[in-house]
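Below: one structure, written as structure tokens.
Values in this text are rule-based calculations from the coordinates and carry no lab data. No experiment lies behind these values; they were computed from the predicted model shown. Here the Cβ positions follow ideal geometry from the backbone for every residue, glycine too, while neighbour counts run over all protein chains shown.
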């Protein structure tokens, strides 16, 4: 006799946003296959799915599901909101750009959503297995996205490079995780900490080896020097829209697992990972900012700048305090707006047949399109960290957190490197405002999606800069619930 | 006060500047008139401050205080005392004349220029009103953006080099100050309130670190020797309005920073670092003056004279007595007026001749007699002739310096002699000698230009003949500042500060 087992549907409730995104992704593939004439609907479907998921994530109650494997706490909520925001803005900007460079649309949106689902899982991971599952679900679609533009050679090179490097990083991570599992007998992150405390494993060499492998793996994922070497080539080779997305979404998700493992899993080892991260942060800022000085391609310059910004974001992580984590969250929130804003302007420069990615292509932008130039000005000053933009608030909070944790030298270094960064950001301003536009400069057109993205980014950057209380309250209270 | 006067003062020009964006960019005359209107209303708005200001107390007046970022205990708090009120007036006036002098000389991107100018005004007002260290830093840094654009877009041929140099110098200084601010916050009871921070004792070691961190920002801005090298470039390449604002207000902020932060918050470090500061001031005075003698570029010469004059200002501040401090503050205002006026005049003549080479000029006194009269007056005020405002300030500073360290005043006084030398020699080369071919048939000053210069002339005489109009604002606040500096432990060593000093 077959007995009907009642499925407890309430158990999957915390997973609804992820499930929704997966079904939308499948729907997108279906639409692309069976109603190819209605392709213009795809970005809108993506948007609706993401906005609904965002509303669910923001409205959800903190909960720990599946026996602690899936944590939908405040910490996860902020990271999810950042990743969802990145995808929403990317989808909004994509329409014109994809048409210009001739990107196949169906795959683009469904891959974006699958990758997003992976990121959400990473943000919520309470268990090393879920963490790795999320990581791979995030990474695989991004490998495909990087190589999506098949006709361009650079793209294929970038995709292969990214795939190999990413696979290597995953292997390092897995190695570290298996050592952790071998030492503690559990994959649940919280239990690992309890076990290390109970058995006093802090100075165990195998644990330190695990820590080293994990740090290397995470550093690969968030592009922290000296594990950043893939970044410039991949960012430059990928279609700009994918670069914009990659520089924010997967990076934020990477920081989510980075912070979760270090804070929740290995807090006792802070004496070890704090100084290591301090050195890595300084190195990252040095490499990112100094190499960016001599770039001729705006896209490559933004790639190096995003390396440098990973270095700043590390400042909050290395403090090892709740305040530091809140600072990193705040910074990533601001970074979402300012970096995507800058990339949006870069995409605006593109015309059919030519991508216009070099600094020279911004020549005289202030005369050709004063609005675009003024917006770029705001984003660049925010990236430099000049008030009253959000970039300053984010940087200030990071510096303060690292300072309070006693990393004075690192803070002074960060400050000097951000002064160096002013030079290459200002160079763009200089070219936009202080040189004559070339003859026959292409006319820049702004479609509705792009206008919406620029509006949101401007609002985000200036809003955080002028009323920082809102974002700070949000991140601080999110951390309090961790 | 129910009306938030200081907030209005800060945000009126900002909103006014943004409202210019609604005007179509082709209607240049409307844009100019609106900008002028906004700046005039702003000048009028400072009047109630002067009338309602209570000179008999040192406490902050017109105070506004609202929580801003509660997580970090940062408040939106504003207030002015006798020291800052003068700078508000100066800023409002300088912006009006800057708009007037840019009337015809700015032809390209007119809309952006006036928007930048008005945003700059709002930020500068904020710097002088803020009584929260974080808020102060926001305005202090925000000011850089419009100034960077003003020099870089509308400046002379070598403008890009100059503006990047200006930006990087100030940014590095400011960022070091930011680290200092965070350090102070951590050790000062987690507050950014200037008044609270000033009332607490700090260890001497901490004070010294903070002193140098603040010094990095303020000394670059003043600019003190040896970090002055951005100033000649920025001054020379900036458009007339930019030079006027730089000389008139921007470089005063460094000295204001010393007054507002270094002196009251770090009294022990200030006492200890007195000699190095005095020596740097004296070097700036003499070095700046000697360099002036070798200049062939009109604007560059005035720029180096600023270095020399600001040396007097810092000398007065670090004399740390009533006369020196009051003289220093008065000299800041004087220098703003006089050097501002000189840059205005140079801007007007540059519009006609399009050269800054001193050698290209000659005999202007016969071709532009009215202009020559104005310039003569400004020159004499810059030299410090009795009867003009320059005399009062420099005299008080030397007096204060002499009380502190006689030899300092003696060496500094040589700066006055050199000052007379290079300024009068400059005047001779430009206005006398035989009339050069290219100087024939220049347009005489028009009504707008005369109206631009007139307020400066009035101020020069007014301060020169009745300095108590300004010094009256200072007495009590400066006295309180000195109490703060000499307050702990060292009170017995100092002669009691004079009460009512009339020069």
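Data for the structure
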{"read-out": "Residue-averaged beta-carbon neighbours from other chains (10 angstrom radius) around A:386-393", "value": "5"}
{"read-out": "At 0.692 mPa s and 37 °C, Stokes D of segment B:288-503 from Kirkwood alpha-carbon radius, µm² per second", "value": "180 µm²/s"}
{"read-out": "Compactness index (Cα Rg / 2.2 N^0.38 Å), chain A", "value": "0.94"}
{"read-out": "Theoretical ellipticity at 222 nm over chain A - DSSP helices of four or more residues, -39500 (n - 2.57) apiece, nearest 500", "value": "-25500 deg cm²/dmol"}
{"read-out": "Cα-derived Rg to Rh of segment A:120-217, Kirkwood definition", "value": "1.12"}
{"read-out": "From the C-alpha gyration tensor of segment A:360-480, square roots of 5λ in Å", "value": "32, 20, 8"}
{"read-out": "Cα coordinate range in segment A:307-385, projected on the principal axes (Å, largest first)", "value": "47, 23, 16"}
{"read-out": "Average beta-carbon neighbours from other chains, 10 Å sphere, peptide A:416-424", "value": "4"}
{"read-out": "Debye log10 I(q)/I(0) at q = 0.17, 0.18, 0.27, 0.28 Å⁻¹ for segment A:345-399, Cα point scatterers", "value": "-0.62, -0.67, -1.00, -1.04"}
{"read-out": "20 °C / 1.002 mPa s Stokes-Einstein diffusion coefficient of segment A:236-359, Kirkwood radius on C-alpha pairs, µm²/s", "value": "139 µm²/s"}
{"read-out": "Where labels lie 7 Å past Cα in the beta-carbon direction, separation of residue B:56 and residue A:195 in nm", "value": "7.8 nm"}
{"read-out": "Calculated FRET efficiency for the pair residue A:283/residue A:358, C-beta based, R₀ 30 Å, to 0.05", "value": "0.60"}
{"read-out": "Spin-label model distance (nm) - residue A:452 vs residue A:297, 7 Å beyond Cα toward Cβ", "value": "3.1 nm"}
{"read-out": "Value of Rg to Rh for segment A:162-214 (Rh from inverse mean 1/r over Cα pairs, i.e. Kirkwood)", "value": "1.06"}
{"read-out": "Two-site label geometry, residue A:136 and residue A:229: point separation in nm, points 7 Å out along Cα→Cβ", "value": "2.6 nm"}
{"read-out": "Residues in segment A:103-131 reached by a label modelled at residue A:66 [backbone nitrogen below 19 Å; 7 Å Cα→Cβ]", "value": "A:113-131"}
{"read-out": "Principal axis dimensions, largest first and in whole angstrom, of segment B:68-178 by Cα", "value": "45, 29, 23"}
{"read-out": "Value of Rg/Rh across segment B:331-454 [Cα atoms, Kirkwood radius]", "value": "1.05"}
{"read-out": "Partner chain coverage, peptide B:170-179 - average Cβ within 10 angstrom", "value": "6"}
{"read-out": "Percent breakdown of C-alpha pair distances by 20 Å bin, ordered from the shortest bin, for the protein assembly as shown", "value": "13, 41, 31, 13, 2, 0, 0"}
{"read-out": "Taking B:368, A:446 and counting other C-beta atoms within 10 Å, the order from fewest to most", "value": "A:446, B:368"}
{"read-out": "Virtual paramagnetic centre 7 Å along Cα→Cβ of residue B:354, amide N under 18 Å, in segment B:92-108", "value": "B:104-108"}
{"read-out": "Two-site FRET efficiency, residue B:410 against residue B:22, from Cβ-Cβ distance with R₀ of 60 Å, rounded to 0.05", "value": "0.55"}
{"read-out": "Principal axis dimensions, largest first and in whole angstrom, of segment A:271-482 by Cα", "value": "59, 33, 27"}
{"read-out": "FRET efficiency, residue A:445 to residue B:435 (Cβ-Cβ, R0 56 Å, nearest 0.05)", "value": "0.45"}
